[in-house]
């Protein structure tokens, strides 16, 4: 009988892409894979070629919102749905990447005696993973510093999509109608874009395009038709298959500081400037991520509170001058892509399960 695994994670691409990075290796190792995510969530758009099961999900907001009174009922409904789906699928293992949709899945798996492995990408664990940790057989983390929050966690790193490492610079330049006359700056704001970064990029376009050819990933619904014909500037809501080539074409990158982006840039050894999401809009996990990478000598950092056209241009000038130093530091990194190790561990952890 073949082995069956359920992947779960959602809410943002950061909770989905590491799961997807495992798919090819899991299949090669003989696993049948299913995915449980939230109904209508971003994960339903991203998970293309796996059986997908949508469940009801809610979240606990750190501010007053009437939905904090109604969402617990959604979670209870999702718990019942997850319990039924797991009974139908009878997996040997559940692997959870976080996001509030995973809490009912993890608890339902625990009720059914199915081993659960949780992976936390960020420096500080999110609330969903904090709630789910007591129900997990193992907890894996990306940053060594995360063990101060979860002492029993194992530091394993972050699975990186192998296709991102196979980009072609010339293909990326051709896709953007660019050439080799100026360096290429790639600006990424995450799967939903970043309004503050977008505004500063648009305000600074004359100066930026004087120095760089700019690829700007604005986020869904954020592109501006009036900027379509600006020389040395290409805007996209997001990129899928072309992202690897645009990353290969990029000489420097401006990015948020989500863990996926950090470790992808490290693997690609791209000089980058991080603008972490501020505590006004997050729990501060990106600030901690960025601090860790800056201390390791991999990243330049510009706090969002200090972001202006002038400060961005100055930070990019410093990054360009010091780019060789950052590349050398990244080349010395001992961080490895842990996909094969993780897949091997899944086999060990799932042995002896009742199914």
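For the stretch 119-139, which residues satisfy the criterion of being at pLDDT below 95, within 15 Å of residue 9 (Cβ to Cβ) and part of a loop (DSSP other than H, G, I, E, B)?
Answer for the stretch 119-139, where residues must be at pLDDT below 95, within 15 Å of residue 9 (Cβ to Cβ) and part of a loop (DSSP other than H, G, I, E, B): 121, 122, 125, 126.
Restricting attention to the stretch 324-336, does a residue exist that is over 25 Å from residue 141 (Cβ atoms), in contact (Cβ under 8 Å) with a residue 12 or more places away in the chain, assigned by TED's automatic domain parsing to the domain that holds residue 187 and out of contact with any helix residue (DSSP H, G or I) (no Cβ under 7 Å at 6 or more places or on another chain)?
yes
Restricting attention to the stretch 26-40, and to residues there that are at pLDDT below 95 and either buried (at least 22 other Cβ atoms within 10 Å of the Cβ) or touching a helix residue (DSSP H, G or I) at 6+ places or on another chain (Cβ under 7 Å) (or both), which single residue is farthest from residue 260 (Cα to Cα)?
29
Residues in the stretch 108-117 that are without any contact (Cβ under 8 Å) to a residue 40 or more places away in the chain and in contact with a helix residue (DSSP H, G or I) (Cβ under 6 Å, 6 or more places away or on another chain): how many?
Total satisfying the criteria: 4.
Pull up the stretch 150-162, narrow it to residues that are surrounded by fewer than 16 Cβ atoms within 10 Å (Cβ to Cβ), outside any helix (DSSP H, G or I) and in contact (Cβ under 8 Å) with a residue 12 or more places away in the chain, then point me to the one that is nearest to the chain's Cα centre (by Cα).
Only one residue tops the list, namely 155.
Check whether at least one residue in the stretch 237-256 is closer than 22 Å to residue 321 by Cα, touching a helix residue (DSSP H, G or I) at 6+ places or on another chain (Cβ under 8 Å) and modelled with pLDDT under 95, and report yes or no.
There is at least one residue in the stretch 237-256 that is closer than 22 Å to residue 321 by Cα, touching a helix residue (DSSP H, G or I) at 6+ places or on another chain (Cβ under 8 Å) and modelled with pLDDT under 95.
Please indicate, with yes or no, whether at least one residue in the stretch 327-340 is under 24 Å from the mean Cα position of the chain (by Cα), loosely packed, with under 15 Cβ neighbours inside 10 Å and over 18 Å from residue 157 (Cα atoms).
Scanning the stretch 327-340, I find at least one residue that is under 24 Å from the mean Cα position of the chain (by Cα), loosely packed, with under 15 Cβ neighbours inside 10 Å and over 18 Å from residue 157 (Cα atoms), so the answer is yes.
Please give the helices (runs of 4 or more DSSP H) falling wholly within the stretch 170-265 in which 1 or more residues are touching a residue at least 40 places away in the same chain (Cβ under 8 Å) and surrounded by fewer than 19 Cβ atoms within 10 Å (Cβ to Cβ).
195-203, 205-211
Any residue in the stretch 31-51 that's within 17 Å of residue 106 (Cβ to Cβ): show its pairings with residues that are part of a loop (DSSP other than H, G, I, E, B) and at pLDDT below 85 at Cβ separation under 6 Å, as long as the two are six or more apart or on different chains.
Listed by first residue and then by second, the contacts come to 38/57.
If we keep just the residues of the stretch 266-285 that are out of contact with any strand residue (DSSP E or B) (no Cβ under 8 Å at 6 or more places or on another chain) and in contact (Cβ under 8 Å) with a residue 40 or more places away in the chain, which is nearest to residue 141 (Cα to Cα)?
Ranking the candidates gives 285 first.
crowded, with 17+ Cβ neighbours inside 10 Å, touching a strand residue (DSSP E or B) at 6+ places or on another chain (Cβ under 7 Å), modelled with pLDDT of 85 or more and at positive phi, is that true of residue 9?
yes
Just the residues that are surrounded by 18 or more Cβ atoms within 10 Å (Cβ to Cβ) and either in a helix (DSSP H, G or I) or not assigned by TED's automatic domain parsing to the domain that holds residue 116 (or both), please, taken from the stretch 140-149.
The one that is surrounded by 18 or more Cβ atoms within 10 Å (Cβ to Cβ) and either in a helix (DSSP H, G or I) or not assigned by TED's automatic domain parsing to the domain that holds residue 116 (or both): 146.
The values are calculated or read from the model by the stated rules, or taken from the named source; none is laboratory data. Predicted model, so just to flag it, every value in this text is computed and none were measured. Every residue, glycine as well, gets a Cβ built from its backbone with ideal geometry; the counts of neighbours run over all protein chains shown.
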